[in-house]
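Below: one structure, written as structure tokens.
The values are calculated or read from the model by the stated rules, or taken from the named source; none is laboratory data. Computed from a predicted model, the values in this text were never measured in an experiment. Ideal geometry is used to build each Cβ from the backbone, glycine not excepted, and the neighbour counts take in all protein chains shown.
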Amino acid sequence: MTDPPVLQCHALRRTFGDLVAVDDVGFQIAHGETYGLLGPNGAGKTTTISMIAGLLDRDAGEVIVAGQPMTTKTVQAKSALGYVPQDLAIYPDLSGLENLVFFARLYGMSRAKAKAKAHEVLELIGLSDRSGDQTNKYSGGMKRRLNIGVGLLNDPKLLILDEPTVGVDPQSRNAILESVEGLSSAGMAVLYTTHYMEEAERLCDRVGIIDHGNLIAEGTRRELVAMVGEFDSVALTAAGNLSAAAQALTTLDFVKKASVTEDGIDLVTSDARDNLPAILTTATAHGAAVTSVEVTEPDLEAVFLHLTGRALRD
């Protein structure tokens, strides 16, 4: 029997005066799934997240977290949620350990349990060796990791991460991404927003693209690529009868174009990795001696530009 989704939201709508910030947005996130919500600035991401987290009233729609309806006044649904805002929510004059103990106590934990949980989280985010240092002495990346740690104190079923790597160095950024990958592997559902497309490529099982308050596309990377008609490119480095091989390759249903180049044959094709054996077999059978293959798949950036007409960071 399949478990119900950790997050279900349907037909979310929110207006601010005459501005429709979010209109009919809905998606769901399963256990162990990382869902990326991508959109240009002003697209409606923050408003959507705020409604899901119960921080903002909605004009219409429904949010269910771990089987419980979410509103600004509910407690039970919020207890299943961890929210990590883009702005740092830690106290600079307290140590890392003191920050975590403080927030754990706000969750109603006893002092002993709060301290034990704080040490557990410090180990998870890789800050145990700096637990006694004031956080005003932390690097930007360390502060971001502690910010995530606060969101993990209540063992949430759904963790919302709003651009958690903004302004951090590459090493800290990679550590944060590895932490998110570990949480997903452990079964936590993650809602992730980012301005870095490569993060979405690396982390997200599915992606929703929001623009002008509407969810305009949703799916896995391959599903989104197929939706906008993007194809893979294959470069065969080869010698021999390249013209005959290229002509034969164009007869394959999945090959859209085959062109002879100075070094071999360039192909435009669908599902290149799945169809690569047939491509090589056909090329070899018609006189091409292939020495190397390079496959280039369209990325989310290309899809995003196609759907919105602008880059993610616009």
Matching residues in segment 272-302 (surrounded by 14 or more Cβ atoms within 10 Å (Cβ to Cβ) and not in a strand (DSSP E or B)) number 17
Residue pairs qualifying under the 7 Å Cβ cut-off, at least six apart or on distinct chains, with the first in segment 149-165 being free of Cβ contacts under 8 Å to residues at least 40 places away in the same chain and the second being among the acidic types (Asp, Glu) and outside any loop (DSSP other than H, G, I, E, B), are THR165/GLU199
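So, THR46, is that one buried (at least 23 other Cβ atoms within 10 Å of the Cβ) and in contact (Cβ under 8 Å) with a residue 24 or more places away in the chain or not?
No, not satisfied.
GLU198: out of contact with any Gly (no Cβ under 8 Å at 6 or more places or on another chain), surrounded by fewer than 16 Cβ atoms within 10 Å (Cβ to Cβ) and closer than 24 Å to ILE148 by Cα, yes or no?
Numbers: out of contact with any Gly (no Cβ under 8 Å at 6 or more places or on another chain): yes; surrounded by fewer than 16 Cβ atoms within 10 Å (Cβ to Cβ): yes; closer than 24 Å to ILE148 by Cα: yes.
The answer is yes for GLU198.
So, ASP169, is that one of a type in the set (Asp, Glu), modelled with pLDDT under 90 and in the same structural domain as ASP87 (by TED's automatic domain parsing) or not?
So ASP169 passes the test.
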Next on the checklist: Would you confirm, using the coordinates I've provided, whether ILE29 is assigned by TED's automatic domain parsing to the domain that holds GLY187 and within 27 Å of LEU177 (Cβ to Cβ)?
Outcome noted: yes
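This table checks each residue for (1) among the hydrophobic types (A, V, I, L, M, F, W, C); (2) modelled with pLDDT of 95 or more; (3) more than 19 Å from the chain's Cα centre (by Cα).
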residue	(1), (2), (3)
TYR196	no, no, no
ALA217	yes, no, no
VAL228	yes, no, yes
ALA235	yes, no, yes
GLU262	no, no, yes
ALA278	yes, yes, yes
ALA283	yes, yes, yes
ALA302	yes, no, no
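Out of LEU146, LEU177, I need the residue that is in the same structural domain as GLY126 (by TED's automatic domain parsing), assigned to a helix (DSSP H, G or I) and in contact (Cβ under 8 Å) with a residue 40 or more places away in the chain. Which one? Outline the logic, then answer.
Details: LEU177 fails: in contact (Cβ under 8 Å) with a residue 40 or more places away in the chain.
That would be LEU146, the only listed residue that is in the same structural domain as GLY126 (by TED's automatic domain parsing), assigned to a helix (DSSP H, G or I) and in contact (Cβ under 8 Å) with a residue 40 or more places away in the chain.
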THR34 vs (1) surrounded by fewer than 22 Cβ atoms within 10 Å (Cβ to Cβ); (2) among the polar types (S, T, N, Q); (3) touching a strand residue (DSSP E or B) at 6+ places or on another chain (Cβ under 9 Å): all pass except (1)
